[in-house]
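The values are calculated or read from the model by the stated rules, or taken from the named source; none is laboratory data. Note that the structure is a prediction, hence the values are computed from the model and not measured. All Cβ positions, even for glycine, are placed from backbone atoms using ideal geometry, and neighbour counts span all protein chains on display.
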Amino acid sequence: MRRVILTGASSGIGAALAREYSSIGAMLGLIARREAELQTLAKKLGTPVQIFALDVRESEALQAAAASFISRHGCPDIVIANAGVSTGTLTEDPEDLAAFQDVLDINVVGMVNTFQPYIAAMRGAGRGTLVGIASVAGYRGLPGAAAYCASKAAVISYLESLRVELRSSGIKVITICPGYIATPMTEANPYPMPFMLSAEAAACAMVKLIDRGNTFAVIPWQMAIVARVLRMLPNRLYDWLFSHAPRKPRLPRK
């Protein structure tokens, strides 16, 4: 039985991944902030589940969760850092400084906090897979989404560094960059979202990629082409095309 740790498990891609892994008999450790949603999901799954209601910004809580899981079930085979947030941001608005901090802390530092407690156990076992959910938004900066794009660009570079660091350890590091996925994170976007996948279809594709051991992948494949084209555009052309593009809504600030 595969043992899988998964953050951001209470909804969206995370919940879909939990259902997908449960369908193939995996033992799950599910992490998210919302305990009620985790409990509801766990009751619907047909495999053993241990839940941890915590925030990925809390490194000590993640370390305690890892120790609890390992002591009860052994070293996990797969750890998926999926927790993430997105909101529209403007650098010029001082009210958005806290939003920038939250997005970077959750999306980037939260991933480091997620992986760190398992690396020693995986080294000892000589095996294991760390999976980071990045985004095609990390390829280029989008107006009004500076915090999210910066966080996902940082995630892509972080995972590459980690992959090289762990190359001889037996631990695989996999980067997955989704395009548009139908989740609560995207439902308020006021612009076209080409090649959108359901959360279920995305989770199915991700599990297959993880099983194959691909070190880097974009899903769906059409978005890989779009992302490469955008990366190749000269700055002057890219700036002209996107300067008046619709922007992600900003959440109400306190």
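So the values come out like this:
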{"quantity": "Helices (runs of 4 or more DSSP H) enclosed by the stretch 30-113 - at least 2 residues per element that are farther than 30 Å from R127 by Cβ and touching a Lys or Arg at 6+ places or on another chain (Cβ under 8 Å)", "calculated": "97-104"}
{"quantity": "Subset tally (residues that are touching a strand residue (DSSP E or B) at 6+ places or on another chain (Cβ under 6 Å) and either free of Cβ contacts under 8 Å to residues at least 24 places away in the same chain or among the aliphatic types (A, V, I, L, M) (or both)) for the stretch 167-195", "calculated": "6"}
{"quantity": "Which numbered condition I181 fails, given (1) crowded, with 18+ Cβ neighbours inside 10 Å; (2) at pLDDT 95 or above; (3) over 23 Å from F52 (Cβ atoms); (4) not acidic (D, E)", "calculated": "(2)"}
{"quantity": "Qualifying position, being farther than 22 Å from N113 by Cβ, without any contact (Cβ under 8 Å) to a residue 40 or more places away in the chain and within 20 Å of the chain's Cα centre (by Cα), among D239, D211", "calculated": "D211"}
{"quantity": "Unique residue being among the β-branched types (V, I, T) and either free of Cβ contacts under 8 Å to residues at least 12 places away in the same chain or touching a His at 6+ places or on another chain (Cβ under 6 Å) (or both) when the list is T89, T40, T114, T47", "calculated": "T40"}
{"quantity": "Lone unmet requirement of (1) without any contact (Cβ under 8 Å) to a residue 24 or more places away in the chain; (2) over 24 Å from A188 (Cβ atoms) for A66", "calculated": "(1)"}
{"quantity": "Enumeration of residues in the stretch 52-108 that are modelled with pLDDT of 95 or more, crowded, with 19+ Cβ neighbours inside 10 Å and among the β-branched types (V, I, T)", "calculated": "V56, I78, V79, I80, V103, I106, V108"}
{"quantity": "Residue count for the stretch 184-213, restricted to those that are within 19 Å of I156 (Cβ to Cβ) and surrounded by 14 or more Cβ atoms within 10 Å (Cβ to Cβ)", "calculated": "6"}
{"quantity": "Residue within the stretch 153-172 that is surrounded by 18 or more Cβ atoms within 10 Å (Cβ to Cβ) and small (G, A, S) present", "calculated": "yes"}
{"quantity": "Residue tally, condition surrounded by 24 or more Cβ atoms within 10 Å (Cβ to Cβ) and not in a loop (DSSP other than H, G, I, E, B), over the stretch 6-15", "calculated": "5"}
{"quantity": "Residue among P234, P190 that alone is of a type outside the set (A, V, I, L, M), at pLDDT 90 or above and closer than 21 Å to A146 by Cβ", "calculated": "P234"}
{"quantity": "Single unsatisfied condition, V164 versus (1) within 13 Å of the chain's Cα centre (by Cα); (2) over 21 Å from V4 (Cβ atoms)", "calculated": "(1)"}
